[in-house]
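Visitor: Starting off with a structure, shown below.
The values are calculated or read from the model by the stated rules, or taken from the named source; none is laboratory data. Just so you know, these numbers come straight off a predicted model, no measurement behind them. FYI the Cβ positions are ideal-geometry reconstructions off the backbone, even for glycines, and counts take in every protein chain you see.
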Amino acid sequence: MDQLRFDGRVAVVTGAGGGLGKAYALLLGSRGAKVVVNDLGGGKDGAGKSTFADAVVKEIKDKGGIAVADYNNVIEGEKIIKTALDNFGRVDILINNAGILRDRSFQKMSDQDWDLIQAVHLKGSFKPTLAAWETFKKQNFGRVIMTSSNAGLVGNFGQANYSTAKMGLVGFMNTLALEGAKYNIKINTIVPTAASRLTEGILPPDMFEAMKPELIAPVVAYMAHESFEGTGQIIDSTLGYAHKAQLVRSVGSPLRNTPSDPVTIESVKEKWPKVVDMTNAKHVSPIANVTINLVERLQEFEDRAKLDANGRKSFWST
Ligand code: NAI
C-alpha cells in the first residue's frame, strides 16, 4: 500500500506535550503535516506550567518536519486555531486530546473538581472545534478527533466528573457528524487506553510497559487522513487492537396487549423482560433512522388498531 501522507495539511493536536498527543503529533509530523503542538504544560490535575510542547516541536523538526508550539489553554481554543492560521495559513485536522483528571469518590467531589473537568474536556473540545469550523466549511475539508474514555462508555469508580465529560464528547461528535457531513467534515472519537502519566500507578506495571501510545497513534492518524470516509464512529484502541463501539437498542415490546388498553405501571412490569431483551438489538443511528422507526411504529400501531376494530384477532400481544 502507498504510504498515507499528510503533505499540505495542517494539524492541531491539543495536549501534545506528552503521552498520546505527543505520539499523534510526532507521527503526523513525520508524514508531512505541519503540526501545531498545543500544550498548557500543567500537571495531570491541570495545575502549573511547563515547556513540554517545545521539546515535541524540536523532535519533529530534528526529523525534518514542520511544527510550532502553542501554550494556550484549550478552554481558549480559538487562540490555538489562530496559531495554526497565523503560522501556516490553514487548518485541516484537529485532534482534541488535552485532558486532566480530578478523581474523587462521588461524595467528596467539589464544584471545582466537577467544573474544571467539564471545562477542560468539553469546552476545551468545543472552543477549538468551533474556531476551526468556518475554515473547514470553506475548504470543504475537515477531520476532527474527539477523545473519549472507557470511563465514559462504561463508568469508572472515582471518575463521575470525568465519565460525564467523556460521554458528553460522544454526544458532541454525534451532532457534529450530522452537521459536518455535507462539508466533508468527518468527526470521530478515539477511546484510548495507553501508558501515560494519567494511567501511571493505575495500570499494572507490565501492562503499562506494553500499552504504548505509539500503538494508538496510527489509528488516530488514519481517522484524520483525507482518505478516511467514516464519521460519527467511536473507536476503542489499545495494545495494537482497535474496535468499534456503538449504542444499540433492543427490538423492544408494546407495553399493552391491545391498542385500546391503557399503559399501566403493571403492564410495563409485565412487558419489561421483552423491553430489555437485547436479542437482535440494532444500532441506533443516525437520528433520521430513529425518526423512521417512530413513523413505522405509529403505522404498525394504526394497522393493528384497524384489525382490532374489524374484530379480527390482534397480534399486538405476540
Ligand atoms: P497526558 O497527561 O500525558 O496528556 C494530556 C496532555 O494535555 C498533557 O500534556 C497536559 O499538559 C495537556 N493539557 C491538560 N490540560 C490542558 C489544557 N487546559 N490546555 C492545553 N493542554 C492541556 O495524558 P494522556 O493519557 O496522553 O491523555 C490524553 C487524552 O486521552 C486525555 O483526554 C485523556 O483523558 C484521554 N484518555 C487517556 C487514556 C489513557 O489510557 N492514557 C484513557 C482514556 C482517555
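Visitor: Out of (1) of a type outside the set (A, V, I, L, M); (2) modelled with pLDDT under 95; (3) more than 12 Å from the ligand (Cβ to nearest atom), the odd one out for GLY48 is which?
Guide: (3)
Visitor: Just give me the residues in the stretch 139-173 being near the ligand (Cβ under 10 Å from one of its atoms), crowded, with 21+ Cβ neighbours inside 10 Å and in a helix (DSSP H, G or I), in sequence order.
Guide: The answer is ALA151, GLY152, TYR162, ALA165, LYS166, LEU169.
Visitor: For the stretch 189-206, name all the residues that are farther than 20 Å from ARG102 by Cβ and more than 9 Å from the ligand (Cβ to nearest atom).
Guide: THR189, PRO204, PRO205, ASP206
Visitor: Touching a strand residue (DSSP E or B) at 6+ places or on another chain (Cβ under 8 Å), of a type in the set (Lys, Arg) and touching a residue at least 12 places away in the same chain (Cβ under 8 Å) - does that describe any residue in the stretch 71-93?
Guide: Yes: one or more hits.
Results for (1) buried (at least 24 other Cβ atoms within 10 Å of the Cβ); (2) touching a helix residue (DSSP H, G or I) at 6+ places or on another chain (Cβ under 8 Å); (3) β-branched (Val, Ile, Thr), shown as yes or no for each residue.
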{"site": "GLN3", "(1), (2), (3)": "no, no, no"}
{"site": "PHE6", "(1), (2), (3)": "no, yes, no"}
{"site": "ALA11", "(1), (2), (3)": "yes, yes, no"}
{"site": "THR14", "(1), (2), (3)": "yes, yes, yes"}
{"site": "GLY21", "(1), (2), (3)": "yes, no, no"}
{"site": "LEU27", "(1), (2), (3)": "no, yes, no"}
{"site": "ARG31", "(1), (2), (3)": "no, yes, no"}
{"site": "LYS34", "(1), (2), (3)": "yes, yes, no"}
{"site": "ASN38", "(1), (2), (3)": "yes, yes, no"}
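Visitor: List pairs: first in the stretch 3-17 and more than 17 Å from GLU78 (Cβ to Cβ) and at pLDDT 95 or above, second near the ligand (Cβ under 10 Å from one of its atoms) and in a loop (DSSP other than H, G, I, E, B), Cβ under 7 Å, 6+ apart or cross-chain?
Guide: ALA16/ASP39; ALA16/ASN97; GLY17/ASP39; GLY17/GLY41
Visitor: Let me confirm something: among LYS49, LYS58, which residue is farther than 17 Å from ILE100 by Cα and over 23 Å from the mean Cα position of the chain (by Cα)? Steps first, please.
Guide: Numbers: LYS49 fails: farther than 17 Å from ILE100 by Cα.
Of LYS49, LYS58, the one residue that is farther than 17 Å from ILE100 by Cα and over 23 Å from the mean Cα position of the chain (by Cα) is LYS58.
Visitor: Name every residue in the stretch 203-231 that is more than 17 Å from GLY19 (Cβ to Cβ) and in contact (Cβ under 8 Å) with a residue 12 or more places away in the chain, in order of residue number.
Guide: If the condition is that a residue be more than 17 Å from GLY19 (Cβ to Cβ) and in contact (Cβ under 8 Å) with a residue 12 or more places away in the chain, then TYR222, MET223, ALA224, HIS225, GLU226, SER227, PHE228, GLU229, GLY230, THR231 are the ones that fit.
Visitor: Based on this model, can you work out whether ALA217 counts as within 15 Å of the ligand (Cβ to nearest atom), in contact with a Phe, Trp or Tyr (Cβ under 6 Å, 6 or more places away or on another chain) and assigned by TED's automatic domain parsing to the domain that holds ASN150? Before you say what the answer is, go through the steps one by one.
Guide: Working: within 15 Å of the ligand (Cβ to nearest atom): yes; in contact with a Phe, Trp or Tyr (Cβ under 6 Å, 6 or more places away or on another chain): yes; assigned by TED's automatic domain parsing to the domain that holds ASN150: yes.
So ALA217 fits the description; yes.
Visitor: Further question on the same structure: Could you grab the pairs with beta carbons closer than 6 Å, sequence gap of 6+ or different chains, first residue in the stretch 149-161 and not assigned by TED's automatic domain parsing to the domain that holds LEU198, second one crowded, with 16+ Cβ neighbours inside 10 Å?
Guide: none
Visitor: Follow-up. Helices (runs of 4 or more DSSP H) wholly in the stretch 196-287 with at least 1 residues that are surrounded by 17 or more Cβ atoms within 10 Å (Cβ to Cβ) - which ones? Working first, answer last.
Guide: Details: elements: 205-210, 217-223, 265-275.
Ranges flagged: 217-223, 265-275.
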